[in-house]
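Okay, so here's the structure we're looking at.
Bear in mind these aren't lab numbers, they're just calculated from the coordinates by the rules spelled out. What you see is a predicted model; the values in this text were computed from it and never measured. Here Cβ is always computed from backbone atoms with ideal geometry, including for glycine, and neighbour counts include all displayed protein chains.
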Amino acid sequence: MPLAAERQEMILAAVRKHGMVRLSDLVAQLGVTAVTVRRDVTLLADRGLVQRVHGGIALPHRSQTQPAREGVPGPYGPMATRALVGMVVPSVEYYWPPVIQGAQTAVAAADGRLVMRASRWDDPAEDRRQVSALLERGVQALLVAPTTTGDAAMEVLRWLGSLTVPVILVERQPPRELPTLALDAARTAHSLGAGLAVRHLVTLGHDRVALITTRQSPTSRALRTGWQDAVDTLGLPSHVGLDMEVPSYGAPGWAKAYTGVLERSRDLGVRALLVHSDREAIGLIEGGRDLGISVPGDLAVVTYDDEIGAASDPPLTALRPQKHRLGRIAAELALSKLADVSGEWPVHRIELWPNVIVRESCGTVPRPEPL
């Protein structure tokens, strides 16, 4: 009985020769059980080397568009044109639309097409299902924002690393458990952004900065890390108990919870808040008015996101992730890797700093906003 690697090589040889092979024929050819063949086929399909069809397997379906080729200069080398690029994101409502638009801009500029599918937060199985659907669709490169915590997520990341098409992680990077996973990544330096916010508030005389978040998302986790690192590095007084989680603005019980945060902050002598994100920061300002707490007179507020911060009353000082630029960079990376024929493509890990946008909610003079 041939070893697993030998069986899989024989399966690949058969499908390359005939284009499509029935599972029953493979059972006879290899002299193994149907269970063994299905296991080998699953491994090959997971790696993107074969495609399951009814009763058998075939070569992976390729795009019906014109083949990708070099032709467009890019910041990371020549970029493939006329490519079909797939993108999987955890949401199409919060945070992600500008990222998707940035990727679409870059792909369209190279005369290609972006096809996007939505997964779900913290659902590795759904991440894998949506990526598999795009591979069957014939995409030639992938932009993916998968879950990165937990054993199931580790398996999905390893699978992504085994695919034969270029894969770029977006707003994600391989976790510590997979330090040598050779996946390219483009992400925002959220932890550093939180540190920039704390430092800005410290320069204004604040030594106690509460962190307010709404849910356990990858961004919230990164902000928490950066906030705590800044507190420790700057030698600020203990911030135990100043990491607070609240319901989303408008959710059941939000007003009472926000009042509780404001009262607790006042009792603890906290006069500065870093809030993720804009809606919650605006809700806290509204709640403060009801308690006689003025912004910025009694309380400085910095928001992390800046989708609607400029429209707040007062306008919110903000850390602004460069979402559109991030999507564009991720797509440019994918197109350049697709066009690379040298076999020497190095792993790229690109990190963008969020911009500090100073407005009135901290009591400082607003700076001209970047274009």
The stretch 307-346 and the stretch 90-150 have their Cα centres apart by a whole-number Å value of 14
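Based on DSSP, what percent of beta bridges with both residues in the chain are antiparallel, to the nearest 5?
Around 25 percent of the beta bridges assigned by DSSP in the chain are antiparallel ones.
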Computed about the Cα centre, the charge dipole of the chain from +1 Lys/Arg and -1 Asp/Glu charges at the Cβ has a magnitude in debye, to the nearest 20, of 1040
Once the mean of 1/r over all distinct C-alpha pairs in the stretch 250-352 is inverted, the Kirkwood radius in Å reads 16.3
In this structure, the FRET efficiency calculated for T203 and N355 from their beta-carbon separation, with R0 = 25 Å, to the nearest 0.05, is 0.90
Note: Q173 to Q216 extended length (0.36 nm per residue) minus current alpha-carbon separation gives 13.8 nm
With x for Gly and Pro, the residue-by-residue ³J(HN,Hα) of the stretch 241-256, computed from phi through the Karplus equation 6.51 cos²θ - 1.76 cosθ + 1.60 at θ = phi - 60° and given in whole Hz, is x, 9, 9, 10, 10, 10, x, 4, 4, x, 6, x, x, 5, 4, 5
Taking Cα atoms, the helix 96-109 axis meets the longest principal axis of the chain at an angle in degrees (rounded to 10) of 50
Extend 7 Å from the Cα of R266 along its Cα-to-C-beta direction; within the stretch 303-342, residues with backbone N under 11 Å of that point are none
Rounded to the nearest 10, the angle in degrees between the Cα long axis of helix 124-137 and the longest principal axis of the Cα atoms of the chain comes to 50
Summing -39500 (n - 2.57) over every DSSP H run of at least 4 residues in the chain and dividing by its residue count gives a helix-only mean residue ellipticity at 222 nm, to the nearest 500 deg cm²/dmol, of -13000 deg cm²/dmol
Highest mean packing first, using Cβ neighbours within 10 angstrom, the peptides 211-217, 102-108 sort as 102-108, 211-217
Projected onto the charge dipole of the chain (unit charges on the beta-carbon of Lys, Arg, Asp and Glu, signs +1, +1, -1, -1), the Cα from I308, G269, L163 with the largest positive-side position is that of L163
Measuring from the longest principal axis of the C-alpha atoms of the chain, the long axis of helix 190-203 (C-alpha) lies at a number of degrees, nearest 10, equal to 10
Interchain or sequence-distant (5+) residues whose placed amide H lies within less than 5 Å of the amide H of L84 are R113, Q140
Non-local residues with an amide H under 5 Å from the amide H of A185, with H modelled 1.01 Å from N and Pro and chain starts lacking one, are L169, H348, R349, I350
If every Lys and Arg gets +1 and every Asp and Glu gets -1 at its Cβ, then about the Cα centre the stretch 4-58 yields a dipole, in debye to the nearest 20, of 120
Plugging the Cβ-Cβ distance of T364 and A118 into 1/(1 + (r/R0)^6) at R0 = 35 Å yields, to the nearest 0.05, a FRET efficiency of 0.35
Residue span A182 to A109: 0.36 nm per residue of separation minus Cα-Cα distance leaves a gain in nm of 23.6 nm
Taking a crude spin-label model, label points 7 Å out from Cα along the C-beta direction, the Y94 to E6 distance in nm is 5.4
Cα-Cα pairs in the stretch 4-58 separated by more than 15 Å, as a whole percent of all pairs, come to 33
Rounded to the nearest 0.05, FRET efficiency between E136 and Q101 (Cβ-Cβ, R0 35 Å) equals 0.85
Of all DSSP beta bridges having both residues in the stretch 25-174, the percent classed as antiparallel (nearest 5) is 30
One would report the Cα pair-distance distribution of the chain, bin width 20 Å, in %, as 26, 46, 22, 6, 0
